[in-house]
Amino acid sequence: MNDQAQQLPQGSPVTPAAPRPIDPSAERGWGTITHVVPLVATVASVGTLGFVGSLVIYLLYKDRGPFVRANAANSLNIQITTGIVLLLSFPLMLMLVGFLTYPLALVYAVVMHVIGAIKANNGEWWNPPLTPRFVR
């Protein structure tokens with residue numbers, strides 16, 4: 001038996017260690033990545049996989065620093081808003097309006113992620129316009 005196992009009383013719960021904070025320059029890098037990954041996924045999948053990139057980065061890095069958390073939340077909020085508009089576009093295609101709203105939602109997501117990536121790379125705090133804050 002190792003020393004750690006001998007020190008813990010039997011049946012006591014083991015709590016996971018808190019994630020280590022990252023330094024400010026790495027935070028800026030990850031803040032940028034929180035927008036670039038969903039941007040690439042959105043473009044590559046025509047709007048369907050950007051949400052996955054935002055969610056994974058948010059879950060992995062939300063506790064590593066406030067700047068990364070804010071950018072990951074912004075990225076996820078952009079993707080949630082885009083996803084809602086994309087889902088609403090399908091029934092609207094029956095009235096031909098959806099053929100306009102679907103590409104507009106994709107353009108919105110691309111523009112917001114590009115602006116977010118530039119702002120994060122510069123170390124600027126930013127909240128995307130026209131985006132409800134579902135995740136904080």
Quiz item: Restricting the stretch 73-90 to residues that are touching a residue at least 40 places away in the same chain (Cβ under 8 Å) and among the small types (Gly, Ala, Ser), which is surrounded by the fewest Cβ atoms within 10 Å (Cβ to Cβ)?
Solution: Ala73
Quiz item: Would you pick out the residues in the stretch 32-51 that are crowded, with 19+ Cβ neighbours inside 10 Å and at pLDDT below 90?
Solution: Thr42, Gly47, Gly50, Phe51
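Among the residues of the stretch 59-78, is there at least one that is of a type in the set (Val, Ile, Thr), within 15 Å of the chain's Cα centre (by Cα) and either at negative phi or modelled with pLDDT of 95 or more (or both)?
Looking through the stretch 59-78, at least one residue is of a type in the set (Val, Ile, Thr), within 15 Å of the chain's Cα centre (by Cα) and either at negative phi or modelled with pLDDT of 95 or more (or both).
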Quiz item: Since Pro128 meets every condition but one in (1) touching a residue at least 60 places away in the same chain (Cβ under 8 Å); (2) in a loop (DSSP other than H, G, I, E, B); (3) within 15 Å of the chain's Cα centre (by Cα); (4) surrounded by 12 or more Cβ atoms within 10 Å (Cβ to Cβ), which condition does it not meet?
Solution: (1)
Quiz item: Being assigned to a helix (DSSP H, G or I) and more than 27 Å from Ser25 (Cβ to Cβ), is that true of even one residue in the stretch 112-122?
Solution: no
Quiz prompt | Conditions (1) part of a helix (DSSP H, G or I); (2) surrounded by fewer than 17 Cβ atoms within 10 Å (Cβ to Cβ): number failed by Tyr108 | solution = (2)
Quiz item: Has the stretch 108-117 got at least one residue that is in contact with a His (Cβ under 6 Å, 6 or more places away or on another chain), among the aliphatic types (A, V, I, L, M) and at pLDDT 95 or above?
Solution: yes
Quiz item: How many of the residues in the stretch 30-60 are in contact (Cβ under 8 Å) with a residue 40 or more places away in the chain and either under 24 Å from Glu124 (Cβ atoms) or of a type outside the set (A, V, I, L, M, F, W, C) (or both)?
Solution: 13
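Can you confirm whether the stretch 86-94 contains a residue that is within 18 Å of Gly53 (Cβ to Cβ) and over 17 Å from the mean Cα position of the chain (by Cα)? Please lay out each step first, then the result.
Residues of the stretch 86-94 within 18 Å of Gly53 (Cβ to Cβ): 86.
Imposing the further condition that a residue be over 17 Å from the mean Cα position of the chain (by Cα) reduces the set to 86.
Among the residues of the stretch 86-94, at least one is within 18 Å of Gly53 (Cβ to Cβ) and over 17 Å from the mean Cα position of the chain (by Cα), which makes the answer yes.
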Quiz item: What are the pairs, 6+ residues apart or on separate chains, where a residue within the stretch 95-110 that is of a type in the set (A, V, I, L, M) has its Cβ under 8 Å from a residue that is outside any helix (DSSP H, G or I)?
Solution: Ala105/Gly47; Leu106/Val46; Leu106/Gly47; Ala109/Gly47
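The values are calculated or read from the model by the stated rules, or taken from the named source; none is laboratory data. Only a predicted model underlies this, so the values are computations on that prediction, with no experimental measurement involved. All Cβ positions, even for glycine, are placed from backbone atoms using ideal geometry, and neighbour counts span all protein chains on display.
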